[in-house]
Amino acid sequence: MGPRSKLAAVRGSLTARRCAAGVVAGAIGFAALSGITGLFEPSSRARSVVAAGTVPVQIRLPSTSRGDLLAGNAVPVGLRPSNGGRVRVVARLRRPYARATELGHTAVTLTASKWRRVSIPLSSSGRRALSPCPSGDVVVTVVDSRFASARSSSRRLHLDAPACARFFAHDTFWNSTLPADAPLDPNSAGVTKQLVKQVNNGMNAGPRPTIYTYT
């Protein structure tokens with residue numbers, strides 16, 4: 001190999017080493033930059049893990065009596081989350097062969113692992129939906145923006161007396177039709193007025209009116 005060939009080989013070797021060193025330095029710099037960025041911004045995998053599951057919360061519906069819902073003007077619900085934070089709570093009426101109707105909604109801040117009683121106020125459209133004694137289920141849904149799927153729980157809407165049901169069987173004397181010529185007690189008007197007054201007081205201030213059937 002002549003002098004020129006040896007000089008070219010040396011230069012080529014130096015150039016190759018410089019290129020290799022540049023590649024290694026670039027790789028190290030990129031890795032370091034990626035690590036620094038990762039300190040301030042969670043990875044896509046971490047974000048997907050947070051958003052992958054259903055809202056971790058227990059839901060209890062203590063009452064789904066139509067009369068109680070209308071009297072309290074709210075849907076009561078108990079919530080116990082695994083993670084604290086602010087959630088949106090929606091109550092709906094789900095009826096067969098019809099679209100679900102929203103009864104009301106609210107937003108609350110929950111504490112992890114602690115039960116909280118929440119009242120979902122009825123909207124005007126929610127009261128209208130409950131007025132005609134509809135058959136269906138009350139469904140409560142908890143939505144948390146940190147999770148991909150909401151959590152729901154449901155109970156049958158209880159249609160209670162006197163508006164939507166009878167207190168006793170249809171063939172008992174309580175529900176028997178009186179003859180058209182049955183005599184009216186002279187004190188009927190006064191007794192009826194007093195009964196209505198007691199019922200209204202009980203419905204507004206409690207205790208709720210009941211009928212005692214045992215002796």
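Each value in this text was obtained by applying a stated rule to the coordinates, not by laboratory testing. Nothing here was measured: the structure is a model prediction, and the numbers come from that model. Heads up, the Cβs are rebuilt from the backbone with ideal geometry, glycines too, and the neighbour counts pull from every protein chain shown.
In table form, for the structure just shown:
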| read-out | value |
| --- | --- |
| The stretch 52-156: projected area of the alpha-carbon convex hull, averaged over directions, in nm² | 6.3 nm² |
| Point-charge dipole on Cβ atoms (K/R +1, D/E -1) for the stretch 52-156, about Cα centre, debye to 20 | 60 debye |
| Estimated FRET transfer efficiency when R0 is 22 angstrom, pair residue 117-residue 201 (beta carbons, to 0.05) | 0.30 |
| Options 147, 110, 120, ranked by Cα towards positive dipole end of the stretch 105-155, top entry (Cβ charges) | 110 |
| Highest to lowest packing among 197-203, 76-82, scored as the average C-beta count within 10 Å | 76-82, 197-203 |
| Length released on extending from residue 71 to residue 155, taking residue separation times 0.36 nm less the Cα-Cα span | 28.4 nm |
| Value in Å of the Kirkwood radius, where the stretch 128-215 supplies the Cα pairs that are averaged | 17.7 Å |
